[in-house]
Amino acid sequence: MIEIKDLHVSIEDKEILKGINLSIKPGELHAIMGRNGSGKSTLSNVISGRDGYTITKGSITWYGQDLLKLSPEDRACEGIFMGFQYPVVIPGVNNMYFLKAAYNAQRRYKGEEELDSMDFISLIKTKIKEVKLDESFLQRAVNDGFSGGEKKRNEILQMITLEPKLAILDETDSGLDIDALKIVAEGVNNFRNPQRGFLVITHYQRILNYMDPDRIHVMIDGKIVKSGGRNLALKLEQQGYGWLDEAAAV
Amino acid sequence: MSDIDIIHKAADQKYKYGFTTDIEQDIIPPGLNEDVIRLISSKKNEPEFLLNWRLKAYRHWLTMAEPDWAKLKYSPIDYNAISYYAAPKEKKELKSLDEVDPKLLETYDKLGIPLHEQKMLSGVAVDAVFDSVSVATTFKDELKKHGVIFMPFSEAVREHPDLIEKYFGSVVPYTDNYFATLNSAVFSDGSFVYIPKGVRCPLELSTYFRINASQTGQFERTLIVAEEGSHVSYLEGCTAPMRDENQLHAAVVELVAHKDAKIKYSTVQNWYPGDENGKGGIYNFVTKRGICKGENSKISWTQVETGSAITWKYPSCILKGDNSVGEFYSVALTNNYQQADTGTKMIHIGKNTKSTIISNGISAGHGQNVYRGLVQINKSAENARNYSQCDSILIGDKCGAHTFPYLDVRNPSAQVEHEASTSNISEDQLFYCQQRGISTEDAISMIVHGFCKNVFQKLPMEFAVEAQKLLEVSLEGSVG
């Protein structure tokens, strides 16, 4: 579905990504691991179209078309979802209203009929049970006064409601206690299917204990220095990133 | 043609057509002097006391200077280039909607204004037998049953001169300020509302007013009196942009709340703001003040200001009765080159008086938005309390928001709190919305709605929805 080739990205003349190659097929779950500052979040921001990054070289294709030409909202409507590391507070905007606006914007994009309020409420009420949030969260302002865990579960709620083709989870596990982590992982697992791809970006392999990644990539200094299966994550957990630094320096 | 052009053209006409023709057309030629004031008064068949009041005001006005303390920039107003008796009748009646500016119609559609109201607002002649007229009559009967007086000011002067003489100018004296004094001299018409003792006005006067809103003039005068224990909710203005060829507006509103009475006054102001280059637009210099005369009375101002090139407006409360309550809820939006200097005055005189000020300013484009508010706790105001919260949000980097709170506390038992904040709509918020598929424009309007929620909640239900849409329309094009 998504094909990243030799991607070089700079922020204000400083090169952050130095030639990333990554291909995700429908049904696959890829994990990117790496230390803080290795460029993981830059990659997810560039895929979802955030401003402020200069692509100096390389390409990202999405089902054969040039993804970099699309606006962030069009990418979202095309089926790319990003779960934020720090979900944003929008004071005064009702959580359900926000989700409905997003849901219907995506339906409009696809030329589908919008859902009216009654239908949307019954949809969202079934979804919110899956992330074990109380229905009262629907009536609160978006992420306003939510705890860290509640914010992340709210991200998962948005994901399972919007039903993207590719879900990027940017450090969704950071700052979560073990119960919240399980709920998030369960949300992802239930949501997996042969048509849907995942890119899980994480600092720790902990969350991968609850998921079943097809491929693990290690990012150091803007490059993917090592790719492998599940065992790679375990090795990183035991030995840290040190043994890979040499590979990165080459 | 811009408003300025129209005024200049009107000024030129004096020489072209001469004095008498204009009178036949019910237009007094531009310029202001005592003869003009006598003429206005005689055209309205006013009693002696009102003419004298007008003349006193005019003579006082001549001694005054236009205030310059507001943070507003505009070219000087030529008061002699304005025709002071022209307002409602001068509007040219159009034959059909085809003659109306398509841009205006587009806005009406976006706001969901029904077709017959579109016609009325844009000055198209309407059939005598159309819905609203009969609706209006029904309202009138209903109000009459409860003894509520609600009529044009000029009519009230003839039918209830005793009430007018008693209350008119009792809250805003003719010496009050430059623009109020000018209004006192030349006011055209307006509304008079009287709610008898113990009556809860059976309907929102908004509903009725909306139907009549297209006839408001340039120098409006409103007086609302709520007798002991009565309640009234009044909505002035209209969410739809009004076709109006007058550039200067100087209205005066006076509210009187007796013991246990409650007045809720809501305004949605959407006069022509000028074009995207700041050309044209209404100058809106308004004096609004209410007095909580009796104990336990309450006056609540809610305003949504999105129109006018210049807004100068400070709806205020004099809290004279013990335990009386004053409230001010405001959303002011400036886009393009609009400027607003707005806020309130809460004057605490009675014991245990309470006031709340919630002001939300939104600046976009090159818009400048000022909150200016006075909280005065007088010596007599034992245990007075005030809470003020002024928040501003900026869209883009060429606009401005300014807050000037004045506190004057002369009683040590007072509790006064003031909170203020200014923030940008953050890139994070915008990107978050976009990443969910919401376009930038929709995202901005959503964030702004959220920001204004605490004020919109105070609006009468049916207008809260329109006010939101209005905000959306006013914000259009604010994203570069």
Checklist outcome for this item: Counting only residues that are touching an Asp or Glu at 6+ places or on another chain (Cβ under 7 Å) and either buried (at least 20 other Cβ atoms within 10 Å of the Cβ) or of a type in the set (Gly, Ala, Ser) (or both), region A:123-132 contains a total of 1
Checklist outcome for this item: Residue pairs within 8 Å by beta carbon, gap of at least six or interchain, first lying in region A:66-90 and closer than 17 Å to residue A:200 by Cα, second assigned to a helix (DSSP H, G or I) and of a type in the set (Lys, Arg), listed first then second, are A:83/A:152; A:87/A:151; A:87/A:152
Item to check | Every residue from region B:308-365 that is part of a strand (DSSP E or B), within 17 Å of residue B:288 (Cα to Cα), open to solvent by 30 Å² or more (accessible area, probe 1.4 Å) and of a type in the set (D, E, K, R) | outcome: B:345
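Table: residues versus (1) more than 14 Å from chain A (Cβ to nearest Cβ); (2) open to solvent by 70 Å² or more (accessible area, probe 1.4 Å); (3) in contact with a Ser or Thr (Cβ under 7 Å, 6 or more places away or on another chain); (4) under 18 Å from residue B:306 (Cα atoms).
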site: B:376; (1), (2), (3), (4): yes, no, no, no
site: B:388; (1), (2), (3), (4): yes, no, no, no
site: B:401; (1), (2), (3), (4): yes, no, yes, yes
site: B:416; (1), (2), (3), (4): yes, no, no, no
site: B:423; (1), (2), (3), (4): no, no, no, no
site: B:427; (1), (2), (3), (4): no, yes, no, no
site: B:435; (1), (2), (3), (4): no, no, yes, no
site: B:447; (1), (2), (3), (4): no, no, no, yes
site: B:450; (1), (2), (3), (4): no, no, no, yes
Next on the checklist: Which of the numbered conditions does residue A:114 fail, given that it passes all the others? Conditions: (1) within 14 Å of chain B (Cβ to nearest Cβ); (2) in contact (Cβ under 8 Å) with a residue 40 or more places away in the chain; (3) of a type in the set (D, E, K, R); (4) open to solvent by 10 Å² or more (accessible area, probe 1.4 Å).
Outcome noted: (2)
Checklist entry - Checking residue A:75 against (1) closer than 30 Å to residue A:209 by Cβ; (2) under 15 Å from the mean Cα position of the chain (by Cα); (3) not small (Gly, Ala, Ser), which test does it fail? => result (1)
Item to check | Single residue of region A:23-48 satisfying the filter (closer than 23 Å to residue A:79 by Cα and of a type in the set (A, V, I, L, M)) that is surrounded by the most Cβ atoms within 10 Å (Cβ to Cβ) | outcome: A:43
Checklist entry - Tell me, which residue of region A:53-70 that is more than 19 Å from the chain's Cα centre (by Cα) and on the phi > 0 side of the Ramachandran plot is least open to solvent (accessible area, probe 1.4 Å)? => result A:58
Checklist entry - In region B:375-480, which helices (runs of 4 or more DSSP H) lie fully inside it and hold 1 or more residues that are closer than 30 Å to residue B:320 by Cβ and modelled with pLDDT under 85? => result B:440-456, B:461-475
Checklist entry - Which numbered condition trips up residue A:174, out of (1) small (Gly, Ala, Ser); (2) closer than 22 Å to residue A:75 by Cβ; (3) surrounded by 14 or more Cβ atoms within 10 Å (Cβ to Cβ)? => result (2)
Checklist outcome for this item: Here the qualifying pairs (Cβ atoms under 6 Å; residues six or more apart or on different chains; first in region A:130-148 and under 17 Å from residue A:117 (Cβ atoms); second surrounded by 13 or more Cβ atoms within 10 Å (Cβ to Cβ) and of a type in the set (S, T, N, Q)) come out as A:138/A:95
Next on the checklist: Conditions first: (1) farther than 21 Å from residue B:441 by Cα; (2) open to solvent by 10 Å² or more (accessible area, probe 1.4 Å). Residue A:120 passes all but one, so which condition is the exception?
Outcome noted: (2)
Checklist entry - Among the residues of region B:452-463, which ones are within 14 Å of another protein chain (Cβ to nearest Cβ) and either open to solvent by less than 20 Å² (accessible area, probe 1.4 Å) or among the acidic types (Asp, Glu) (or both)? => result B:452, B:455, B:456
Checklist outcome for this item: Restricting region A:71-85 to residues that are part of a loop (DSSP other than H, G, I, E, B) and at the interface with chain B (Cβ under 8 Å from one of its Cβ atoms), the one most open to solvent (accessible area, probe 1.4 Å) turns out to be A:71
Next on the checklist: If I filter region B:65-77 down to residues being in contact (Cβ under 8 Å) with a residue 60 or more places away in the chain and open to solvent by 50 Å² or more (accessible area, probe 1.4 Å), which single residue comes out as farthest from residue B:342 (Cα to Cα)?
Outcome noted: B:65
Checklist entry - Which condition number in (1) over 20 Å from residue B:475 (Cβ atoms); (2) within 9 Å of chain A (Cβ to nearest Cβ) is the one that residue B:442 fails? => result (1)
Checklist outcome for this item: Residue set A:4, A:20; condition more than 14 Å from chain B (Cβ to nearest Cβ), over 28 Å from residue A:105 (Cβ atoms) and surrounded by 18 or more Cβ atoms within 10 Å (Cβ to Cβ); output residue A:20
Checklist entry - Are any of the residues in region A:207-215 over 14 Å from the mean Cα position of the chain (by Cα) and free of Cβ contacts under 8 Å to residues at least 60 places away in the same chain? => result yes
Checklist entry - Pick from region A:135-155 the residues that are more than 14 Å from residue A:124 (Cβ to Cβ) and assigned to a helix (DSSP H, G or I): which of them is farthest from the other protein chains (Cβ to nearest Cβ)? => result A:149
Next on the checklist: Could you go through region B:280-297 and let me know if any residue there is under 15 Å from the mean Cα position of the chain (by Cα), at pLDDT below 85 and among the aromatic types (Phe, Trp, Tyr).
Outcome noted: no
Checklist entry - What number of residues in region A:86-106 are part of a helix (DSSP H, G or I), at the interface with chain B (Cβ under 9 Å from one of its Cβ atoms) and open to solvent by 20 Å² or more (accessible area, probe 1.4 Å)? => result 3
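Each row is one residue, and each column tells you yes or no for (1) under 30 Å from residue A:87 (Cβ atoms); (2) of a type in the set (A, V, I, L, M, F, W, C).
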site	(1), (2)
B:379	no, no
B:385	no, no
B:391	yes, no
B:397	yes, no
B:409	no, yes
B:417	no, no
B:427	yes, no
Next on the checklist: Within region A:179-192, does at least one residue satisfy the condition of being assigned to a helix (DSSP H, G or I) and within 14 Å of another protein chain (Cβ to nearest Cβ)?
Outcome noted: no
Next on the checklist: Among the residues that make up region B:464-476, is at least one of them touching a Lys or Arg at 6+ places or on another chain (Cβ under 7 Å), more than 14 Å from every other protein chain (Cβ to nearest Cβ) and within 30 Å of residue A:94 (Cβ to Cβ)?
Outcome noted: yes
Checklist outcome for this item: When region A:43-65 is checked residue by residue, the ones that are closer than 27 Å to residue B:433 by Cβ, touching a residue at least 40 places away in the same chain (Cβ under 8 Å) and β-branched (Val, Ile, Thr) are A:47, A:54, A:55, A:60, A:61
Next on the checklist: Can you find, within region A:217-250, the residue that is least open to solvent (accessible area, probe 1.4 Å) among those that are at pLDDT 85 or above and part of a loop (DSSP other than H, G, I, E, B)?
Outcome noted: A:222
Next on the checklist: Yes or no: region A:201-216 includes at least one residue that is in a helix (DSSP H, G or I), farther than 21 Å from residue B:429 by Cα and open to solvent by less than 40 Å² (accessible area, probe 1.4 Å).
Outcome noted: yes
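The values are calculated or read from the model by the stated rules, or taken from the named source; none is laboratory data. Quantities reported herein were computed from a predicted structural model and do not represent experimental measurements. Positions of Cβ are backbone-derived with ideal geometry, glycine not excepted, and every protein chain shown enters the neighbour counts. We work out accessible area using only protein heavy atoms, side chains counted, and drop any ligands, DNA or RNA first. Shrake-Rupley method; radii C 1.70, N 1.55, O 1.52, S 1.80 Å.
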